[in-house]
Amino acid sequence: SQTIHQWPATLVQPVGSPLSLECTVEGTSNPNLYWYRQAAGRGLQLLFYSVGIGQISSEVPQNLSASRPQDRQFILSSKKLLLSDSGFYLCAWSVGAAYNSPLHFGNGTRLTVT
Amino acid sequence: RKEVEQDPGPFNVPEGATVAFNCTYSNSASQSFFWYRQDCRKEPKLLMSVYSSGNEDGRFTAQLNRASQYISLLIRDSKLSDSATYLCVVNTDDKLIFGTGTRLQVFP
């Protein structure tokens with residue numbers, strides 16, 4: 001069966017510090033991978049998605065970046081965090097190129113920028 | 001107009017009640033639809049897909065109305081454990097767009 005791992009679960013970082021969140025998927029090949037952010041009391045905002053190694057699409061301008069160095073690995077990074085980067089970050093996967101494929105989420109990382 | 005809109009609630013209902021949520025979407029080319037459930041401070045989890053003909057899973061029934069561009073979720077015989085936020089999700093151009101969710105609180 002497929003599983004998705006995301007870490008760390010919680011993170012407190014000062015403004016201006018770097019960020020690296022990692023996500024890996026097991027049990028499937030060539031998944032679509034996604035990074036979402038959920039700010040307090042708000043809906044999920046799609047940040048990045050990837051349909052293959054090295055292929056990243058960015059949905060919103062921001063100081064975050066994403067990389068997909070391996071088929072089942074997705075990394076979210078920042079060189080300098082802002083206060084507004086605080087939120088609940090969720091990695092997710094879906095079956096690649098499927099018409100009717102739901103998302104499966106990791107447990108999320110709760111990031112607080114102080 | 002937002003791509004996906006939901007009434008934020010909260011819907012406060014007693015155990016055993018029937019409750020229904022609607023969700024409207026703006027893009028008529030949207031291809032697939034889902035309902036997710038999110039518990040407080042947890043990740044969203046797939047509740048059910050929504051098919052054109054409507055579908056049922058136990059106490060939960062989902063309907064799609066393409067002409068009016070909305071989907072609905074009906075929960076019968078509400079349980080305390082149904083208390084959560086229900087997210088409407090629409091797949092357009094291979095991207096899933098989430099609504100902000102409808103909060104349901106079931107009380108004894």
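The values are calculated or read from the model by the stated rules, or taken from the named source; none is laboratory data. Model, not experiment: these values are computed from the prediction. Cβ atoms come from the backbone with ideal geometry, glycine included; neighbour counts cover every protein chain shown. What goes into the accessible areas is simple: the full protein's heavy atoms, side chains included, and nothing from ligands, DNA or RNA. Shrake-Rupley method; radii C 1.70, N 1.55, O 1.52, S 1.80 Å.
All of (1) within 13 Å of chain B (Cβ to nearest Cβ); (2) free of Cβ contacts under 8 Å to residues at least 24 places away in the same chain hold for A:Ser65 with one exception: (1). Go through segment A:8-24 and give me each residue that's more than 14 Å from chain B (Cβ to nearest Cβ) and either touching a Cys at 6+ places or on another chain (Cβ under 7 Å) or over 14 Å from A:Gly87 (Cβ atoms) (or both). A:Pro8, A:Pro14, A:Val15, A:Gly16, A:Ser17, A:Pro18, A:Ser20, A:Glu22, A:Thr24 - these are the residues of segment A:8-24 that are more than 14 Å from chain B (Cβ to nearest Cβ) and either touching a Cys at 6+ places or on another chain (Cβ under 7 Å) or over 14 Å from A:Gly87 (Cβ atoms) (or both). Segment B:11-108 holds strands (runs of 3 or more DSSP E) entirely within its bounds, and those carrying 3 or more residues that are modelled with pLDDT under 95 and within 14 Å of chain A (Cβ to nearest Cβ) map to B:32-38, B:45-50, B:84-92, B:95-98. Taken over segment A:49-85, the criterion of being part of a strand (DSSP E or B) and open to solvent by 80 Å² or more (accessible area, probe 1.4 Å) is satisfied by A:Gln55, A:Gln70. Does B:Glu3 count as farther than 28 Å from A:His5 by Cβ and modelled with pLDDT under 90? In short, yes. Take the residues in segment A:29-48 that are in a loop (DSSP other than H, G, I, E, B) and more than 8 Å from chain B (Cβ to nearest Cβ); name whichever of them is modelled with the lowest pLDDT. Out of the qualifying residues, it is A:Gly41. In segment A:14-28, the qualifying residues are those that are open to solvent by less than 40 Å² (accessible area, probe 1.4 Å) and part of a strand (DSSP E or B), and the one that is nearest to A:Thr114 (Cα to Cα) is A:Leu19.
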